[in-house]
Amino acid sequence: MLQNTFNHWRLLVAASVLAPFLTTLPAEGAIVTVLEDNFNNGIVANSDSNVGYWSQNLNSGPGDANSIAESGGILSMTVGDNAGTNHSNFSGVVIYSGVTSDFNFFTHEITIAVRGISFTNNGTPTIGGAAERLRMMLLSDGINSNAANDAVVVSVDGAGKLTLGSKVNAPTSASDGATIHKTFTGSGVTGFDLTIGPGTGTNINYTITVLGGSSGTASGSFVFDVSNWNGAGGNAALGFWTQEATITGGNQYFTTTLDSVKVTTIVPTPAALPAGLGLLAAAALRRRRV
């Protein structure tokens, strides 16, 4: 009898503890932050909560001004030539994460929020806005959207144009995407939100909202099949790539900045939880009758 009474109270306590959490979850699931970096810890490699989250590649040669730095809530990525040596075109610097299920848009919706985009020209003559690029990339593999087999790319240039592109099975090509799905033009893009997934079959829905002078919102879908996403069952890496498209003379370089990046996902509410709560209550009632 004593054991039955103990079990009865244990079940009632469990039910009372779980109930508030289960009833307050949104119908579609819980919103979870999987990455946040406000670039204020002074260490490029570290996100706000994960040491060594970002890898870096400077692609640097003699005379290059290529650098990546973090200070005062700003990530600065500088590309070009500040020694008058007129290095080769298409130099760039990149930070990128490891391939992870956090960014698997085939299995769950993700939203990537990027804020504080800016471009600053240095040197003489200036490179020119259209040749200055900052790309946000979801990658199947590789360290940037040129090297990757498959990618989703948001490309912003210093002249104020933003494009959303994608590519499938196209390594060492199409840095902005083999297919351009949306283009925004204007001036002074300062950020964007990209929501993508989940996908069924080959349909991957997306919505992109652009902030700043080229502001606007557009929706559509990508044609991706998880079997064509290079390995890892649809898992992806996230990266940011600053690149110059052309150099016409020496002593040309520019800097892009970011204030923050945040990635959230919706974790579906397990159907078993409400049922489990019901079982707890039923078991408690049965115990009460003993």
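The values are calculated or read from the model by the stated rules, or taken from the named source; none is laboratory data. Nothing here was measured: the structure is a model prediction, and the numbers come from that model. Backbone-built Cβ (ideal geometry, glycine too); neighbour counts: all protein chains shown.
Candidates S187, S140, S175: the one that is small (G, A, S) and surrounded by fewer than 20 Cβ atoms within 10 Å (Cβ to Cβ) is S187.
Taking the criterion of being within 16 Å of S221 (Cα to Cα) and in a strand (DSSP E or B), the residues of region 137-165 that qualify are L138, A151, V152, V153, V154, T163, L164, G165.
Of L194, L211, which residue is modelled with pLDDT of 95 or more, within 17 Å of the chain's Cα centre (by Cα), farther than 15 Å from V152 by Cβ and not charged (D, E, K, R)? The unique qualifying residue is L211. The residues on offer are A237, A232, and the sole one that is within 27 Å of the chain's Cα centre (by Cα), at pLDDT below 85 and within 27 Å of I31 (Cβ to Cβ) is A232. Within this structure, A130 fails the test of being farther than 15 Å from I112 by Cβ and in a loop (DSSP other than H, G, I, E, B). If you go through region 28-42 one residue at a time, do you hit one that is more than 30 Å from D157 (Cα to Cα), at pLDDT below 95 and either in a loop (DSSP other than H, G, I, E, B) or touching a Lys or Arg at 6+ places or on another chain (Cβ under 6 Å) (or both)? Yes, that holds for at least one residue.
Applying the criterion of being at pLDDT below 90 and among the hydroxyl-bearing types (S, T, Y) to the residues of region 55-98, the residue that is farthest from L139 (Cα to Cα) is T85. Hey, can you tell me all the residues within region 175-190 that are over 16 Å from G239 (Cα atoms) and small (G, A, S)? Across region 175-190, the qualifying residues are A178, G186, S187, G188.
Condition first: closer than 12 Å to V263 by Cβ and crowded, with 16+ Cβ neighbours inside 10 Å. Now tell me which residues in region 35-47 satisfy that. Of everything in region 35-47, those that are closer than 12 Å to V263 by Cβ and crowded, with 16+ Cβ neighbours inside 10 Å turn out to be L35, D37, S47.
Is it the case, given these coordinates, that N122 is of a type outside the set (S, T, Y), surrounded by fewer than 23 Cβ atoms within 10 Å (Cβ to Cβ) and farther than 18 Å from S175 by Cβ?
Criteria met by N122.
Of all residues in region 199-221, those that are within 23 Å of D102 (Cα to Cα), of a type outside the set (S, T, Y) and surrounded by fewer than 18 Cβ atoms within 10 Å (Cβ to Cβ) total 4. Within region 172-190, residues that are on the phi > 0 side of the Ramachandran plot have Cβ atoms under 7 Å from residues that are surrounded by fewer than 14 Cβ atoms within 10 Å (Cβ to Cβ) in these pairs: G186/G213; G188/G213, counting only partners at least 6 apart in sequence or on another chain. When each of G216, G199, G165 is tested for being in contact with a His (Cβ under 7 Å, 6 or more places away or on another chain) and not polar (S, T, N, Q), the lone residue that passes is G165.
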